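Data first, discussion second: the structure below is written as structure tokens.
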Amino acid sequence: MPEQTARGGEPTPHAPVPHVTGSATIDGDVAEIIGQPLPWDDLAGKTVLVTGAAGMIPAYAVYTLLGLNDVRDAGITVLALVRDVDKARRQFAAAADREDLLFVRGDVRHAIEIDRPVDLVIHGASPARPSLHAASPVDTIRANVTGAFGLLDLCVASPGARFVLMSSAEVYGQRVSDGSLVAEDEYGSVDILNPRASYTEGKRAAETIAVSYHAQHGVPITIARFGHIYGPGMALDDGRVQADFTADVLAGRDITLNSDGSARRTYTYLADAVSGMFAAILQGEDTAYNISDRDGFISIRELAEAFTRARPEKDLTVRFAEGVDHSRYNSVKGQGLDDTRLRSLGWAPHVGLGRGLDRTIAWHEERGEGNRS
């Protein structure tokens, strides 16, 4: 049985490693996800639509479903909804010609036409980069609101189809930070007159639309609220700190913080987050689940220091900038997600922060985007 070895860590046995992507890091992650003791057979023979399939988290959902076909002969058909099929085929190059993966051209801001019934919709299509929320707030809120309506109508037309919304920690808004983790029923305020609220309010509306379809049409739903996720597939120009820090380490630059670094967030490795989402889908009985790792509730400064430790041979340090305009940054100072509800399903993170940062950097190094000192 193949084994995956984390850099500097102990080998961990897994289920057979599928060769879905051609990346040792991602294929190893997929093996770890599908090796979790979940009722994977519930997905056997299903048709699953993944929207925004080229995005970081949705792509891992696609890889996981294809990995189940390879390792468990699950017979899943994956419909990957993307706006640019040619670009998606390049991204999914190693899997692009598989018979169990079908690319569907579409934009959730407009009507989506699928020529077959679906059993599961995983809705991940939404502008995610903070820069897009500021530059294109109309597109941001439309993708979330119009997309939810269209895809839930699709579920109504496919009786029994489950709708899974990839939501966000931002639905909690701004709360008085007392250092505690936020549970699924604890909400704060949102400045609805700030265009950046297009993302927060779009996700909130999508959640309400989903529960409304459940109440009126009986559509089974699962809402997965992701914290701050990092991992393979994260663009270096994404704009969020985990991407900036990855780029710094790859380039051998000291990390410069544009604040005092005291803001705390829940940082979760991508494979842990995706295994958590599938735990919620396959075992959850509640409507909403925080998808996060409480052990990753750290300050931005602590995250920066952890990134420098991921490649100690580069001898990087953390510095602070002065005179920075903070108005375009999320002002929430403490946004840690309580993972108690998710852990009650038997889920636990299997990668964690240290190994997760190593794997994230390693994926970029595989692609020649960094050179070790």
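Order the peptides 155-165, 309-319, 270-280 from the highest to the lowest mean number of other Cβ atoms within 10 Å of their residues. Provide the component values of the computation, followed by the final result.
Values: 155-165: 19.1, 309-319: 15.1, 270-280: 26.5.
Per-residue Cβ counts within 10 Å, averaged per peptide and sorted highest first, yield 270-280, 155-165, 309-319.
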So, R0 is 30 Å and r is the distance between the beta-carbons of E285 and D115; what FRET efficiency does that work out to, to 0.05? 0.35
According to the square roots a ≥ b ≥ c of the eigenvalues of the Cα gyration tensor, what is the shape class of region 151-289, taking rounded for a/c under 1.5, prolate for a/b larger than b/c otherwise, and oblate for the remainder? prolate
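Name the shape class, rounded, prolate or oblate, that the alpha-carbon gyration tensor gives for region 170-221, where a ≥ b ≥ c are the square roots of its eigenvalues, rounded holds for a/c under 1.5, and otherwise prolate holds if a/b is larger than b/c and oblate otherwise. Provide the component values of the computation, followed by the final result.
On the way: a/c = 3.69, a/b = 1.52, b/c = 2.42.
Verdict is oblate for region 170-221.
If I compute solvent accessible area with a 1.4 Å probe over the protein chains, what percent of it on the chain is carbon and sulfur?
Working: 7610 of 16050 Å².
Ligands and nucleic acids excluded, carbon and sulfur give 47 percent.
Relative contact order of region 118-174, please, whole-number percent, based on alpha carbon pairs below 8 angstrom and at least 6 residues apart.
Details: 47 pairs, mean separation 29.9, N = 57.
Relative contact order comes out at 53 percent.
Once you keep just the Cα pairs under 8 angstrom separated by 6 or more residues, what percentage relative contact order results for region 17-87?
Details: 88 pairs, mean separation 25.5, N = 71.
Value for region 17-87: 36 percent.
Explain nothing, just the number: dipole magnitude of the chain about its Cα centre with +1 on each Lys and Arg Cβ and -1 on each Asp and Glu Cβ, in debye rounded to the nearest 20. Please list the in-between numbers first.
Working: 37 positive and 51 negative charges, 116 e Å.
Rounded to the nearest 20 debye, it is 560 debye.
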Rank D358, D286, D244 by mean-square fluctuation in a GNM of the chain with C-alpha springs under 10 angstrom and give only the top-ranked residue. D286
Subtracting the Cα-Cα distance of Q216 and D42 from 0.36 nm times their residue separation yields 60.1 nm
Per residue, how much accessible area does region 185-344 have with a 1.4 Å probe, in Å²? 42
Which listed residue (G35, M56, G106) has the Cα farthest towards the positive end of the charge dipole for region 17-112, taking +1 on Lys and Arg C-beta and -1 on Asp and Glu C-beta about the Cα centre? G106
Qualifying aspartates and glutamates (Cα of each under 19 Å from Cα of K314; at least 8 residues distant if same chain): D244, D248, D254, E302, E305, D358, E365, E366, E369
Among I34, I114, I291, residue whose mean-square fluctuation peaks in a GNM of the chain (springs only between Cα atoms under 10 Å): I114
Of the candidates D29, D115, D73, which one comes out as most mobile in a Gaussian network treatment of the chain with C-alpha springs shorter than 10 Å? D115
With the chain reduced to its Cα atoms and the Debye formula applied, log10 I(q)/I(0) at q = 0.12 1/Å amounts to -0.89
Once the dipole of the chain is set up with Lys and Arg at +1 and Asp and Glu at -1 on Cβ about the Cα centre, which of T21, L282, L152 lies farthest towards its positive end? L152
Give the relative contact order (percent, whole number) for the chain; include only Cα pairs under 8 Å separated by 6+ residues. 16
How far apart, in nanometres, would the label points at D153 and D315 be if each is projected 7 angstrom from Cα along the Cα-to-Cβ direction? 6.2
Counting only helical runs of four or more DSSP H residues, what would the 222 nm mean residue ellipticity of the chain come to if each run contributes -39,500 (n - 2.57) and the total is spread over all its residues? -11500 deg cm²/dmol
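The values are calculated or read from the model by the stated rules, or taken from the named source; none is laboratory data. What you see is a predicted model, and the numbers here were worked out from it, not measured in a lab. Glycine also receives a Cβ, built like all others from the backbone with ideal geometry; neighbour counts cover every protein chain displayed. We work out accessible area using only protein heavy atoms, side chains counted, and drop any ligands, DNA or RNA first. Shrake-Rupley method; radii C 1.70, N 1.55, O 1.52, S 1.80 Å.
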